[in-house]
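One structure is given below, encoded as structure tokens.
The values are calculated or read from the model by the stated rules, or taken from the named source; none is laboratory data. Everything numeric here is computed off the predicted structure, so don't read it as measured data. All Cβ positions, glycine included, derive from the backbone under ideal geometry; neighbour counts span all protein chains shown. These area figures cover heavy atoms from the full protein model, side chains too; ligands, DNA and RNA do not enter into them. Shrake-Rupley method; radii C 1.70, N 1.55, O 1.52, S 1.80 Å.
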Amino acid sequence: GLITEVVGNRGGNVRILISNSENALWQIQAVNDGLCPGTNVPNEIKDVINYWRIQIATLESQSPRPKSGSIELRSYPCSPTGSIFIIDDIVRFISYLPYTHSSEVPSFDATYKRGGKLYETYKHTFDRVWQRATPVLEANFS
């Protein structure tokens, strides 16, 4: 899949930020319902961590094993307002709309090639949160 292509074949570095499942905010049911209706957000966060553990184990067991690239997951202690994906020179932003499932939320892309201001804003925000986040898991294939 995409991770095998990005890490295994292209030697890319994948950085993932997730909210901390132990955040007291997640104890408030109205917050859970508002951000992800019908879902237990702390359990979803734990599922994401387990998913990435499986992805890393799969890459490590491949033959041949990737010779470059990395995957790193960090958590941060605040409520997320959206998802940011950065691949090469494209940022995809998916906002969290209250009481709306993620499959029903629009996303938009910003590229560096079209002036770059929006791209730089999102990249800077991601990097700023990354610096303050706590490491959860890491795999380096170099």
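What number of residues within the stretch 7-43 are under 21 Å from R65 (Cα atoms) and out of contact with any Lys or Arg (no Cβ under 8 Å at 6 or more places or on another chain)? Total meeting the criteria: 7.
When we screen S83, S75, S63, S79 for residues that are assigned to a loop (DSSP other than H, G, I, E, B) and open to solvent by less than 50 Å² (accessible area, probe 1.4 Å), the only hit is S79.
All of V48, V7 fail the test of being assigned to a helix (DSSP H, G or I), touching a residue at least 12 places away in the same chain (Cβ under 8 Å) and open to solvent by 50 Å² or more (accessible area, probe 1.4 Å), apart from V48.
Among the residues of the stretch 21-45, those identified as open to solvent by 40 Å² or more (accessible area, probe 1.4 Å) and closer than 14 Å to P77 by Cβ are E22, A24, L25, Q27. Looking at the structure I just gave you, is A57 among the aliphatic types (A, V, I, L, M), farther than 26 Å from Y122 by Cα and open to solvent by less than 60 Å² (accessible area, probe 1.4 Å)? So A57 passes the test.
Of all residue pairs spaced 6 or more apart or on separate chains, those with beta-carbon atoms under 7 Å, a first member in the stretch 111-139 that is under 16 Å from I90 (Cβ atoms) and a second member that is loosely packed, with under 15 Cβ neighbours inside 10 Å are T111/D89; T111/I90; Y112/D89; K113/D89; Y119/T111.
Out of all the residues in the stretch 86-110, which are surrounded by 11 or more Cβ atoms within 10 Å (Cβ to Cβ) and free of Cβ contacts under 8 Å to residues at least 12 places away in the same chain? Across the stretch 86-110, the qualifying residues are L97, V105. Taken over the stretch 120-139, the criterion of being surrounded by 11 or more Cβ atoms within 10 Å (Cβ to Cβ), under 30 Å from K67 (Cβ atoms) and not aliphatic (A, V, I, L, M) is satisfied by K123, F126, D127, W130, E138. Across the stretch 93-108, the number of residues qualifying as assigned to a strand (DSSP E or B), out of contact with any helix residue (DSSP H, G or I) (no Cβ under 7 Å at 6 or more places or on another chain) and either under 15 Å from D127 (Cα atoms) or of a type in the set (S, T, N, Q) (or both) comes to 2.
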